[in-house]
Amino acid sequence: MEQNYVMIALKLLGALGLLIYGMRMMSEALQKMAGPQLRHILARMTTNRLTGMLTGAFVTCAVQSSSATTVMTVSFVSAGLLTLAQAISVIMGANIGTTLTAWIMSLGYSVDLTSVVFPAFFLGMVLIYKKQHRYVGDFLFGIAFMFLSLVMLSATGKEMDLEHNQTVVDFFASFDTGSYWTILSFLAIGTLITCIVQSSAAVMAITILLCSTGVLPIYLGIALVMGENIGTTATANLAALGANVQARRAALAHLLFNVFGVIWVLCVFYPFVDLVCKLVGYNPEAGGQAALLPVVLAMFHTCFNVTNTAILIGFIPQMERVVCWLLPDKAEVKKEEFKLRYIQANLIQTPEISVLQAQKETAYFAQRVQSMFGMVRQLLDEKDDDAFAQLYNKVTNEEDITDRMEIEIAQYLEQVSGGHLSDITKTKVRQMMREISELESIGDACYNLARTMNRRHESGQDFTDDMNARLREMMQLADKALTQMNSVMSGHSREHDIKETYRIENDINQMRQQLKADNIVAVNEHHYDYSVGTMYSDMVGECEKLGDYVVNVVQARMGK
């Protein structure tokens, strides 16, 4: 008998593991199928609180994971793509969208899904081998695993025969369902288990299993469901740890939303539950009708989240003020001199969104190297020794930062590429790897220009007025190339004609040839020293190299 209980426990754990794996597989497949479109939906369809809420509900229904939607939203807030108010509306919608999962599970306990599972496995296997449809195949495998786990859980529940196990029946009967202390205890248990398991779906499955056998009273089952709503917020809050203050505020808003909902439901707990039961046609006092209990739980989950959203959607500005008060900006005041602006390493749970953050960081990298080149141009005309030294030290520091940015973005992209990415996103990762390498080379070119100017400054020698004028022209062309590059990097690649970049690069090449030829003549005619001519030639050559690196960055971004 003891061995039988061990086997049942193993079946139960295996079915739960299969449920979590199936949902994760299905969610990742949908994210890969949607690819960049999913990011665009979240970024663009949040013009007001109502569209934000509908977007959150739609995306969560699509990916079957409120945690995935919430982590995406926190990532967007961290990257500055969504305001805190927009994020709160999306999170509200995500809570509504996640109710679909509860309905699917209640269906699994009410309908025999075996006839769906095996055809889904077969069709999924066929599509996986057809590479162009493999993400659809992954999705079918995920949904088949999820349905199979529900079939296994239902069968295990029947095998456990808990309704005829007097010890279990007496244990649950010993709890006073009319006591708020009992309700609060089960609410705390649901919260704790969900925080540990990091899957509200798994805890919901266990709750439905216990209720469907008739041993767990509906009031206690609903208390567990309320606890799951609080526990599921742990995922986003853990993801936001170490992120910027706006991301932490978005995660905290998710927690406050669910806690507020639980508080008001507790105030009207018994009338609210009775109303939900009446909608389904279940009588809590009469007992029996255990088959209806999974539907009652799904209905409560839906009514809870829809009503909570209806109450709070008009108070988003107030929620924003509360989380800003709880998490003030003072933690952000003391920043290190160097810190990646958009990339948050602990938000790598959604690879598609992580790629977007890396793109934003790479675009910022491009802006930074152009700013560095601006310092170099200032050096050319700086005559004051102290000001020159101070500016030169800034350029040196920037060169160190560009080296670190290249390494940190590359390491981040390596982590991201280890996840499951769509083919389009994999191509973007390869392009960004090339971009950051070329951007770091631009930083090196700027530093080499600054070093040459510093060598000239320390030698006490100076360029002639004509040499300075020609160098300014050369640097102006290089800066024009950098401006074109930043236009492309900022997301306007479709509007950009790469021929313009080639034209500027060609102008730089022609000017370099002309200046080098003029320099040889001037040195031979003793217009200035050979050492001055060498430094001048080095600077001209470095500007031309910088132009080449710019072309490489633009080509990489445009997929050339």
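The values are calculated or read from the model by the stated rules, or taken from the named source; none is laboratory data. Given the structure is predicted, the values throughout are model-derived calculations rather than measurements. In this analysis, Cβ positions are derived from the backbone assuming ideal geometry, glycine residues included, and neighbour counts consider all displayed protein chains. Calculation scope for accessible area: heavy atoms of the full protein, side chains included, ligands and nucleic acids excluded. Shrake-Rupley method; radii C 1.70, N 1.55, O 1.52, S 1.80 Å.
Structure notes:
- Annotation: of all residues in the stretch 31-57 being within 29 Å of PHE141 (Cβ to Cβ) and at pLDDT 65 or above, the one that is surrounded by the most Cβ atoms within 10 Å (Cβ to Cβ) is GLY56.
Residue-by-condition table, conditions (1) among the hydroxyl-bearing types (Ser, Thr, Tyr); (2) touching a strand residue (DSSP E or B) at 6+ places or on another chain (Cβ under 7 Å); (3) closer than 29 Å to ASP381 by Cα:
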{"site": "GLU414", "(1), (2), (3)": "no, no, no"}
{"site": "THR427", "(1), (2), (3)": "yes, no, no"}
{"site": "ALA450", "(1), (2), (3)": "no, no, yes"}
{"site": "MET467", "(1), (2), (3)": "no, no, yes"}
{"site": "MET474", "(1), (2), (3)": "no, no, yes"}
{"site": "GLN484", "(1), (2), (3)": "no, no, yes"}
{"site": "SER490", "(1), (2), (3)": "yes, no, no"}
{"site": "ASP497", "(1), (2), (3)": "no, no, no"}
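- Selected residue (criterion: most open to solvent (accessible area, probe 1.4 Å)) from residues of the stretch 161-203 that are at pLDDT below 80 and closer than 19 Å to SER106 by Cβ: GLU163
- Count of the stretch 523-560 residues which are among the aromatic types (Phe, Trp, Tyr) and not in a helix (DSSP H, G or I): 1
- Taking the numbered list (1) surrounded by 22 or more Cβ atoms within 10 Å (Cβ to Cβ); (2) part of a loop (DSSP other than H, G, I, E, B); (3) at pLDDT below 70 in turn, GLY80 passes all entries but (1).
- Taking (1) in contact with a Phe, Trp or Tyr (Cβ under 6 Å, 6 or more places away or on another chain); (2) within 14 Å of LEU546 (Cα to Cα) in turn, PHE373 satisfies each apart from (1).
- Test: residue in the stretch 452-472 that is open to solvent by 50 Å² or more (accessible area, probe 1.4 Å), closer than 30 Å to MET25 by Cα and either touching a residue at least 40 places away in the same chain (Cβ under 8 Å) or in a helix (DSSP H, G or I) (or both): no
- Scanning the stretch 501-523 turns up no residue that is at positive phi and open to solvent by 40 Å² or more (accessible area, probe 1.4 Å).
- VAL553 touching a Gly at 6+ places or on another chain (Cβ under 6 Å) and surrounded by 14 or more Cβ atoms within 10 Å (Cβ to Cβ): no
- Filtered residues of the stretch 473-498 (kept if open to solvent by 40 Å² or more (accessible area, probe 1.4 Å) and at pLDDT 85 or above): GLU473, GLN476, LYS480, THR483, GLN484, SER487
- Of the listed requirements (1) more than 20 Å from LYS11 (Cβ to Cβ); (2) open to solvent by 10 Å² or more (accessible area, probe 1.4 Å); (3) modelled with pLDDT under 75, LYS158 misses just one: (1).
- Contact annotation: residue pairs with Cβ atoms under 7 Å, 6 or more positions apart or on different chains, pairing a residue in the stretch 376-389 that is free of Cβ contacts under 8 Å to residues at least 40 places away in the same chain with a partner that is not aliphatic (A, V, I, L, M), are GLU382/PHE388.
- The residues of the stretch 354-391 that are more than 32 Å from the chain's Cα centre (by Cα) and open to solvent by 40 Å² or more (accessible area, probe 1.4 Å), listed by number, are ARG377, GLN378, ASP381, GLU382, LYS383, ASP384, ASP385, ASP386, ALA389, GLN390.
- Test: residue in the stretch 532-545 that is buried (at least 19 other Cβ atoms within 10 Å of the Cβ), at pLDDT 90 or above and among the β-branched types (Val, Ile, Thr): yes
- Criterion: out of contact with any strand residue (DSSP E or B) (no Cβ under 9 Å at 6 or more places or on another chain), surrounded by 18 or more Cβ atoms within 10 Å (Cβ to Cβ), in a helix (DSSP H, G or I) and at pLDDT 75 or above - qualifying residue of GLY108, GLY124: GLY124
- Picking from residues in the stretch 500-527 that are closer than 16 Å to GLU473 by Cα and among the polar types (S, T, N, Q), the one that is farthest from the chain's Cα centre (by Cα) is ASN519.
- Of all positions in the stretch 371-386, none carries a residue that is modelled with pLDDT under 75 and assigned to a helix (DSSP H, G or I).
- In the stretch 421-446, the residue that is farthest from the chain's Cα centre (by Cα) out of those that are farther than 26 Å from GLU28 by Cβ and surrounded by fewer than 21 Cβ atoms within 10 Å (Cβ to Cβ) is ASP444.
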